[in-house]
Amino acid sequence: MPNHGDWQLGIYFDGLVGKVPELPMSYGELERRAEQVMPPELWSYVAGGAGDERTQNANVTAFERWGLMPRMLAGAAERDLSTELFGRRLPTPLMLAPVGVIGLCDLAEGRGDLVTARAAAATGVPMIASTLSQDPMEDVARELGDTPGWFQLYPPNDPELTESLVRRAEAAGYSAIVVTLDTLTLGWRPRDLSLASFPQLKGQCLANYFSDPVFRSRLAVPPEEDPEAATGHWAMIFGNQRLTWDDLAWLRSLTSLPVLLKGICSPEDARRAVDGGVDGLYCSNHGGRQANGGLPALDCLPEVVDAAGEVPVVFDSGVRGAPDVVKALALGARAVAVGRPYSYGLAVGGQAGVEHVLRCLLAELDLTLAIDGYASTASLTRGDLRPVR
């Protein structure tokens, strides 16, 4: 099997006949192009963070404090990027993080959840589908084909609806449930507040709710007849989460699928979650979008991994390129998810844009391992990193 890094050779050969890439090759240029084409409200939502965005920025710069020690003559001519999660061997440690407005990032038709699933199927990179989607979860799952998909759950303040969403995800073929805990309520987001813009209050990205039989049973009339009333009911149950540790056993009982808790940054919380029987932890601070003034998620990762023991840890927050993926893996993450990069790729180039971003990440990840002398992502350890002074 060819190495992912070989993909760059095709670009260089195209250059011999005067063809250069139409899509950006760097994250900085990708971000600039996305800002040019995205409507201000959507750009604000995707690019923005909480408060003055200090935590969001710290997520990114935290990676700069670590460097990978290069090793020579290490036999890394061929690289194995695969990882194992919940008894399944995945071809890559890369994942598509859940993005609650990814449906809108498809500027052509507003079907970004489906488009992203198709890109996942084309590249083999697993997708974590958000509860907040433009199309029902069942339709998204069908587009994934054989590529694994996980379902990210925002537990509403309605136990019967929570159960319905989980059971629908299991029936649709998702292979894990990711319970997001860091959105008890909306964070303080000045960019969105300045525009008085919150897409879901316009009825956008609520297909999973409007199609749910339990949700529909709570309404006097169907959402199609009174979308404003349906949206109002959603707002009442979404931003009023009441979960505590006492509910963990109940959450675990809803499905036979692996359950991960997302938003775990404290080692104490990690230990409590493991003791409560969860199958995986997801170390994340929501990309700095929820609470400002906190720790960079990367700084929390090693302690979460140590507290988790044998329980796998997935990571996101601040990942902008393949070297970031390498460092998170070396610090103990089993898989690493990206959000903003592929959101921008979708806005700039549709499905081809998402695939392009993923192939860039996979190629650079593969080449980083090759040049620094690591034959597999599994061989990376914390001891391979050094502080950058």
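The values are calculated or read from the model by the stated rules, or taken from the named source; none is laboratory data. Remember, predicted model here, so these are calculated numbers, not experimental data. Note that we place each Cβ from the backbone using ideal geometry, even for glycine, and neighbour counts take in every protein chain shown. These area figures cover heavy atoms from the full protein model, side chains too; ligands, DNA and RNA do not enter into them. Shrake-Rupley method; radii C 1.70, N 1.55, O 1.52, S 1.80 Å.
Between the residues Ala308, Val319, Thr381, the greatest Cα displacement towards the positive end of the dipole of the range 231-386, with unit charges on the Cβ of Lys, Arg, Asp and Glu, is found for Val319.
For the range 145-229, the Cβ-based charge dipole about the Cα centre amounts to some 240 debye (Lys, Arg positive; Asp, Glu negative; other atoms uncharged). As I understand it, the value is the acute angle between the Cα axis of helix 112-123 and the longest principal axis of the Cα atoms of the chain; what does it come to in degrees, rounded to 10? Between the helix axis and the principal axis of the chain, the angle is about 30 degrees. Counting only Cβ charges, +1 for Lys and Arg and -1 for Asp and Glu, the dipole size of the chain around its Cα centre is about 700 debye.
The accessible-area ordering, largest first, of the residues Ile11, Ile177 stands as Ile11, Ile177, per a 1.4 angstrom probe.
Given the C-alpha centroids of the range 127-145 and the range 177-205, what is the distance between them in whole angstrom? What the calculation gives is 19 Å, centre to centre. Computed over the range 267-389, the Cα gyration tensor eigenvalues convert (square root of 5λ each) into semi-axes of 25, 20, 14 Å, ordered from largest to smallest. Once you divide the Cα radius of gyration of the range 65-143 by 2.2 N^0.38 Å, the number left is 1.45.
Set the Cα radius of gyration of the chain against 2.2 N^0.38 Å, with N its number of residues, and you get 0.96. Would you pull out the residues with amide H under 5 Å of Glu84's amide H, same chain only if 5 or more places away, H placed 1.01 Å from N? Under 5 Å from the amide H of Glu84: Leu90. For the range 94-208, taking the reciprocal of the average inverse distance between every pair of different Cα atoms yields a Kirkwood hydrodynamic radius of 14.6 Å. What does the charge count around Asp139 come to, taking other residues whose C-beta lies under 15 Å from its C-beta (Lys +1, Arg +1, Asp -1, Glu -1)? The answer is -3.
Toward the positive end of the charge dipole of the range 77-223, with +1 on the Cβ of Lys and Arg and -1 on the Cβ of Asp and Glu, the farthest Cα among Gly87, Ala171, Gln204 is that of Gln204.
The range 1-51 to the range 311-374: how many Å between their Cα centroids? First find each Cα centre; the distance between them is then 13 Å. Using θ = phi - 60° in the Karplus curve 6.51 cos²θ - 1.76 cosθ + 1.60, the 3J(HN,Hα) couplings for the range 382-389 round to 4, x, 7, 9, 10, x, 9, 9 Hz; x is entered for Gly and Pro. Taking every DSSP helix (H) stretch of at least 4 residues in the chain, weighting each as -39,500 (n - 2.57) and dividing the sum by the residue count yields a mean residue ellipticity at 222 nm of -12500 deg cm²/dmol. Less than 5 angstrom separates the built amide H of Trp66 from those of Val388, all sequence-distant by 5 or more or on a different chain.
Amide H contacts of Leu23: none lie under 5 Å away among residues 5 or more positions distant or on a separate chain (H built 1.01 Å from N in the peptide plane; Pro and chain starts excluded).
The mean sequence separation of alpha-carbon pairs under 8 Å and at least six residues apart, normalised by the residue count of the chain, gives a relative contact order of 28 percent.
Between helix 297-308 and the chain there is an angle of about 80 degrees, using the helix long axis and the longest principal axis of the Cα atoms.
Extension gain for Glu109-Glu29 works out to 26.4 nm (0.36 nm per residue, less the C-alpha to C-alpha distance). Taken over the Cα atoms of the range 156-221, the convex hull encloses 123 Å³ per residue. Measure nothing fancy, just the Cα-based angle from helix 227-238's long axis to the longest principal axis of the chain, in degrees from 0 to 90, nearest 10. Result, in degrees: 70.
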